[in-house]
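No lab work stands behind these numbers, since they all come straight from the coordinates. None of the values given here were measured: they were computed from a predicted structure. Every residue, glycine among them, receives a Cβ derived from its backbone with ideal geometry; neighbour counts consider all protein chains shown.
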Amino acid sequence: MGLNPALIGRQYPPSPPYLVGREKVREFAQSIGDTNPVSHDLSAAQAAGFTDLVAPPTFAFVITHVAMANAMFDPDLGLDYARVVHGEQRFTYARPIVASDLVTVVSVIDAIRSVAGNDMLTLRSDVVDPAGAVIVSTTSVIVARGSADEEK
C-alpha cells in the first residue's frame, strides 16, 4: 500500500522549544570531524562576529528529526518504517544556528510521489526563533522501498 497523497500540505504542531547548548554544538562538531574554531572556541566565534558557538550546518538535523517523526509515524500517512531509507537532505539557511538559540520546529509534508516502485516522501521542517523567523529550512526525502508496487 502506498503513501496517502491526501496528506500533502499537512502541517504538524510545533516541537517543544529546544535550547541550543554550547556542549551540544561542540560534541556534534567533534562527532563529524568539524575542526572549525567557531564551533569549539567561544572567543573565536565572537571574534568572527557571532554571539556564541556556531553549529555546523548539518546540526539542524539534531533539532528537526523529532519533528519529522511526527509526520513519518502519522498513522494516516501509511508509512512502513521498516522499508525506509533516507534519500536526500538539504539545508537552506537564513543565518547560522548558534548556541543559546531557542528554537522550535514546524514540519509539513511537501510532496509524495512514486518513482520506480518506491514512494518518495518530502518533508520540510522550518527551525524558527521565538519571533517566528526561520533560521533554517530543511528538506528531507524519505524513500519507502517497494511500497508503490503494492498498489498494483
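Quick check: pseudo-label points 7 Å beyond the Cα along Cα→Cβ at LEU19 and PHE50, how many nm apart are they?
Output for this residue pair reads 1.9 nm.
Provide the net charge surrounding HIS40, with neighbours chosen by a C-beta distance below 14 Å and charges set as Lys +1, Arg +1, Asp -1, Glu -1.
So the surrounding residues net to -2.
Give the Debye-formula value of log10 I(q)/I(0) at each listed q (0.22, 0.26 Å⁻¹), with one equal scatterer per alpha carbon of region 22-77, two decimals each.
Debye curve over Cα of region 22-77, log10 I(q)/I(0) at q = 0.22, 0.26 Å⁻¹: -0.77, -0.95.
Name the residue farthest towards the positive end of the dipole of the chain from the options LEU3, ASN118, PHE91, assuming +1 on Cβ of Lys and Arg, -1 on Cβ of Asp and Glu, about the Cα centre.
Final value for the positive-end residue is PHE91.
For the pair ALA116 and ASP80, how long in nm is the line joining their label points, each one 7 Å along Cα→Cβ?
1.9 nm
What is the Cα centroid distance between region 69-119 and region 2-66, reported in whole angstrom?
Comparing the Cα centres of region 69-119 and region 2-66, I get a distance of 15 Å.
What is the P(r) of region 1-43, as percent of Cα-Cα pairs per 10 Å bin from 0?
Values per bin, smallest distances first: 22, 26, 18, 24, 10, 0.
Subtract the Cα-Cα distance of THR139 and GLN11 from 0.36 nm times their separation in residues, and report this length gain in nm to one decimal.
Working: separation 128, 0.36 × 128 = 46.08 nm, distance 1.39 nm.
Gain in length upon complete extension: 44.7 nm.
Let's see if you can work this out: charge +1 on each Lys and Arg Cβ, -1 on each Asp and Glu Cβ, no other charges. What is the dipole magnitude of region 1-108 about its Cα centre, in debye to the nearest 20?
120 debye
What does the charge count near GLY49 come to, summing +1 for each Lys or Arg and -1 for each Asp or Glu among other residues with Cβ under 15 Å from its Cβ? Numbers along the way, then the final one.
On the way: positive: ARG95; negative: ASP41, ASP52.
Here the charged neighbours net out to -1.
Pairs of alpha-carbon atoms within less than 8 angstrom and 6+ residues apart define the contacts here; what relative contact order does region 32-145 have, in percent?
The value is 27 percent.
Of the listed values (1) 15.5, 46; (2) 14.6, 44; (3) 17.4, 60, identify the label whose number matches Rg and Dmax of the Cα atoms in Å calculated from this model.
Answer by label: (3).
Using modelled amide H (1.01 Å from N, peptide plane; none on Pro or chain starts), what sits under 5 Å from the amide H of GLY87, excluding residues fewer than 5 places away?
VAL141, ILE142, VAL143
Projecting each Cα onto the charge dipole of region 6-152 (Lys/Arg +1, Asp/Glu -1 at the beta carbon, about the Cα centre), which of SER43, TYR18, LEU77 comes out farthest on the positive side?
Value computed over the given set: SER43.
Given +1 on the Cβ of Lys and Arg, -1 on the Cβ of Asp and Glu, and no further charges, what dipole in debye does region 82-152 carry about its Cα centre, rounded to the nearest 20? Mind dumping the intermediate values first?
Values: 7 positive and 9 negative charges, 26 e Å.
That gives a dipole near 120 debye.
I want the local charge near ARG22. Using Cβ-Cβ distances under 14 Å, sum +1 for each Lys or Arg and -1 for each Asp or Glu among the other residues.
-3
Which residues' amide hydrogens lie under 5 Å from the amide hydrogen of ILE135, considering only partners 5 or more residues apart or on another chain, with H built in the peptide plane?
VAL127, VAL128, ASP129
Could you pull out every residue, at least 5 positions away or on a different chain, whose amide H is within less than 5 Å of the one on GLY146? Hs are placed 1.01 Å off N in the peptide plane, and Pro or chain starts have none.
Distant-sequence amide H within range of GLY146: ASN118, ASP119.
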